[in-house]
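Here the structure is laid out as structure tokens; the discussion comes afterwards.
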Amino acid sequence: MTMDPRTIPIHPEGGTKSAAFEYISTKKDELVGWARKFSIFPYPFVTACCAMEFMAVSSSPYDTDRFGAALPRFSPRQSDLLMVVGTVTHKQAPILLKVYEQMCEPKWVMAFGVCATSGGFYQNYAALPGIDRVIPVDIYIPGCPPRPETVIDGIMRLQDKIARAKHPIITKDF
Amino acid sequence: MGAEVFEPITASLASGGEEAGVSHGILVVNVAPSAVEAAARALRNRFGFDVFLDVTAIDWIGQSPRFEVVWHFYSTEHKVRVRLKTRVPESAPTVASLTPLYGSAAFMERECHDMYGIGFAGNADLRPILLYEGFEGHPLRKDYPKEREQPLVPYRDWVASERGGD
Amino acid sequence: MAADPRIANPVRPAFVTSDREGSVIVSIGPSHPATHGTIQIFAELDGERIVRTDVHCGYLHRGFEKECESHTWHNLIPYVDRLNYCSALINDFAYVDTVERLMGVEITPRCKYLRTLLSEYSRLADHLTCVAASLMEMGAMTAFLYLVMIRDYIYEHLADLAGARVTYSYGRIGGLARDLPDGWLKRLGEILEQYEEFIGRVHGLVDRNRIFIDRMRDVGVLTTAQALDYGYTGPMLRSTGAPRDLRKDTPYLAYAELDFEVPVGIKGDNYDRYYVRMREMDESVHMIRQLMDMIPDGPINVDDRRCTFPEKPVVYGEIESLINHFKLVMEGPRVPAGEIYFAHEAANGELGFYLVSTGEGVPYKVHVRSPSFVHMGGAHLMLDGYQLADLVPTFGSINMIGGECDR
């Protein structure tokens, strides 16, 4: 089970917030989580062969639009899911970092394909051995390239993760 | 098939007794490094080899001269290919650039320089094309270890809890 | 060595300032939807007009040639697949064909016809992707969805054959990985009929569309002289009017026995490149239909101990076959010392493999002459002088595939 820092309780000992506050806060998190998970705006950071499967999963046969995640925003300021599709090389790594840092919270990162996950079978001077060496990753989708069903499974797991998470929207506690 | 095309080329380029022969349908001519530009000019202007396909190098580590630079040309008229080869030593790995003759030479010479460190005299723009600024070394040389990475962005500090696991 | 982590541009542009008044220098890419992911173009803009460009590739350089030097001749077939990943089978067959010529191995007739059919099928998938992506980038989402639907049928169909949708690793030195499953050719006929219906719709939507013509006609013009000077081959050269095609000029595989035309364009602009690709797809379908009736029966792998794995029963039964299998796996097929350059007509043009062998089971050098890389060298010819918005369709019509360009 992943330890997502956002699900660590604010006051592990029970704390000073009232039960009513906790109840309302949980319900708020569920509502915001539900809204956020069904309106994902991906930024497709597309580099290599996985792009073919990304195009396939966005089109009619498999359709990410059912999940609310179809509309790509090609500006990092307007998107919340950074889909790193394909191999990231050392030359491309600074650009990846810059794009990630330009995105606003809340943001999630999907490593699409084994090259983004671990470097794939390019273990040499040129390829970054996994994008988690430079940015934190929320969901890893293996495959070279992954079948569209695998990608959809990954999106659904990410949606579960978003739904379970804490969503502080007004203050850092609420 | 290509014999009637190859004979005059061999006579012209290998006139000094250089090694020339047909290998798998391609005429291969070995020339001295100083004769490369004249040979390419002859191929283009006299023999009609209008498409410059490729330039690359082979690192014969342990041999001297160490690098063998290989050019491929294609003639759309005769539909045959010619391979031009030369050897340059490690201490002075420079050959003439074909950019005055062919526009496609620009990018390909940059790549050969990137990968092997071959200098192309006359090509003013030998910036890294496949590699990046600050990369030290020439990766396709046999003494460059495959796994030696030169990261541009320093690696993150992985925290065990962030990596997951039970 | 680690450079400053705040660096976001690890390249040196050819120009950073301009003495032209009112010019702006803009970096387009390398993470940009229209540059197909990994090309960076430094453009000097005078208003909307592009004055000059400096094209940078290499952001997807994955060290293919270095990887090949540490894998056996067989084990590097998956790397070869990922060069032009839109038409992976053509790369496979070009590579194994080159190795077979160096080894002196003659493939079986069934294998020859199957490879030809699958090469054309792959070319179909590649052109579908190129046309779909370039239409989508201009806003024609419907055409994209139609074409990707057909491409998806092709992918599923090839998954039935090779096990994977996009990168197959299906070619083997001396043959193919496996034979056709039952009913494969029947489904192929169905897909070709559906293709014709969908392509008819796309033609109807796009060909005489005023907006499409205004955006594509006389934009990104390339003359034949420029194209030959800059090493262009394939649909880009044919769109300028030169009917050069390796399948006709120096036939290989079964192309000499097929009846097909080589479509050429008139002016070398974007519209011609679009139309040449559409016509090439029709010619590919015509060739596939001919080939479907021409495939003979017989084995698909040549019976040559140097490269073909022996059958499992004899591997477990005879010591010679066991040793043969062991050596092929551990050391790789021994290719006689020498070198060879051979090229196939890939979807983008002349895809050549230059192999150097020292007699080992591992290559000494594998070099790819990739059409996309060469095309990037002349991209400025088609971009300079046009508007910024013209960059998108022009770039789409070049069909730069990052895996092939940067290797």
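Applying the set (1) closer than 22 Å to A:ALA127 by Cα; (2) assigned to a loop (DSSP other than H, G, I, E, B); (3) touching a residue at least 24 places away in the same chain (Cβ under 8 Å) to B:MET115 leaves exactly one unmet item: (2). Given the residues A:PRO61, A:PRO142, A:PRO72, A:PRO129, which is the only one that is of a type outside the set (Asp, Glu), at pLDDT 90 or above and more than 30 Å from B:GLY134 (Cα to Cα)? Of A:PRO61, A:PRO142, A:PRO72, A:PRO129, the one residue that is of a type outside the set (Asp, Glu), at pLDDT 90 or above and more than 30 Å from B:GLY134 (Cα to Cα) is A:PRO142.
Exactly one residue among B:ALA20, B:ALA39 is of a type in the set (Gly, Ala, Ser) and within 18 Å of B:CYS112 (Cβ to Cβ), and that residue is B:ALA39. If only one of A:TYR43, A:TYR62 is touching a residue at least 60 places away in the same chain (Cβ under 8 Å), in contact with an Asp or Glu (Cβ under 9 Å, 6 or more places away or on another chain) and under 18 Å from A:ALA116 (Cβ atoms), which one is it? Residue meeting the stated conditions: A:TYR43.
Within the stretch B:36-57, take every residue that is surrounded by fewer than 17 Cβ atoms within 10 Å (Cβ to Cβ) and either part of a loop (DSSP other than H, G, I, E, B) or not polar (S, T, N, Q) (or both) and give me the one that is farthest from the chain's Cα centre (by Cα). Steps first, answer last, please.
Residues of the stretch B:36-57 that are surrounded by fewer than 17 Cβ atoms within 10 Å (Cβ to Cβ), as a first pass: B:38, B:41-42, B:45-46, B:48.
Cutting the leftovers down to either part of a loop (DSSP other than H, G, I, E, B) or not polar (S, T, N, Q) (or both) gives us B:38, B:41-42, B:46, B:48.
Values: B:ALA38: 17, B:ARG41: 17, B:ALA42: 19, B:ARG46: 23, B:GLY48: 21 Å.
Of everything passing the filter in the stretch B:36-57, B:ARG46 is farthest from the chain's Cα centre (by Cα).
Can you tell me which residue in the stretch A:54-86 is surrounded by the most Cβ atoms within 10 Å (Cβ to Cβ), limited to those that are aromatic (Phe, Trp, Tyr) and in contact with a helix residue (DSSP H, G or I) (Cβ under 8 Å, 6 or more places away or on another chain)? Applying the filter and picking the extreme gives A:PHE54. Screening the stretch C:327-407 for helices (runs of 4 or more DSSP H) wholly inside it with 2 or more residues that are in contact with a Cys (Cβ under 7 Å, 6 or more places away or on another chain) and not aromatic (Phe, Trp, Tyr) returns the ranges C:371-377, C:402-406.
Could you check the stretch C:1-112 for helices (runs of 4 or more DSSP H) lying wholly inside it with 3 or more residues that are in contact (Cβ under 8 Å) with a residue 24 or more places away in the chain and away from every other protein chain (no Cβ under 14 Å)?
Details: elements: C:64-68, C:77-81, C:88-103.
Once the helices (runs of 4 or more DSSP H) in the stretch C:1-112 are filtered for at least 3 residues that are in contact (Cβ under 8 Å) with a residue 24 or more places away in the chain and away from every other protein chain (no Cβ under 14 Å), what remains is C:88-103.
Scanning the stretch A:43-62 for residues that are away from chain C (no Cβ under 13 Å) and either out of contact with any Cys (no Cβ under 8 Å at 6 or more places or on another chain) or more than 18 Å from C:MET136 (Cβ to Cβ) (or both) turns up nothing. For C:MET287, the conditions (1) within 14 Å of chain B (Cβ to nearest Cβ); (2) touching a residue at least 60 places away in the same chain (Cβ under 8 Å) are fulfilled apart from (1). The selection criterion, being part of a loop (DSSP other than H, G, I, E, B) and in contact (Cβ under 8 Å) with a residue 24 or more places away in the chain, does not hold for C:ASP282. Out of (1) under 19 Å from B:GLY119 (Cβ atoms); (2) of a type in the set (A, V, I, L, M); (3) not in a loop (DSSP other than H, G, I, E, B), what's the single condition that is false for B:ILE61? Unmet condition: (3). If only residues of the stretch A:110-157 that are aromatic (Phe, Trp, Tyr) and within 19 Å of C:ASP406 (Cα to Cα) are counted, the one that is farthest from the other protein chains (Cβ to nearest Cβ) is A:PHE121. Restricting to the stretch C:201-219, what's the tally of residues that are out of contact with any Pro (no Cβ under 7 Å at 6 or more places or on another chain) and assigned to a loop (DSSP other than H, G, I, E, B)? Final tally of qualifying residues: 5.
The values are calculated or read from the model by the stated rules, or taken from the named source; none is laboratory data. Only a predicted model underlies this, so the values are computations on that prediction, with no experimental measurement involved. Cβ atoms come from the backbone with ideal geometry, glycine included; neighbour counts cover every protein chain shown.
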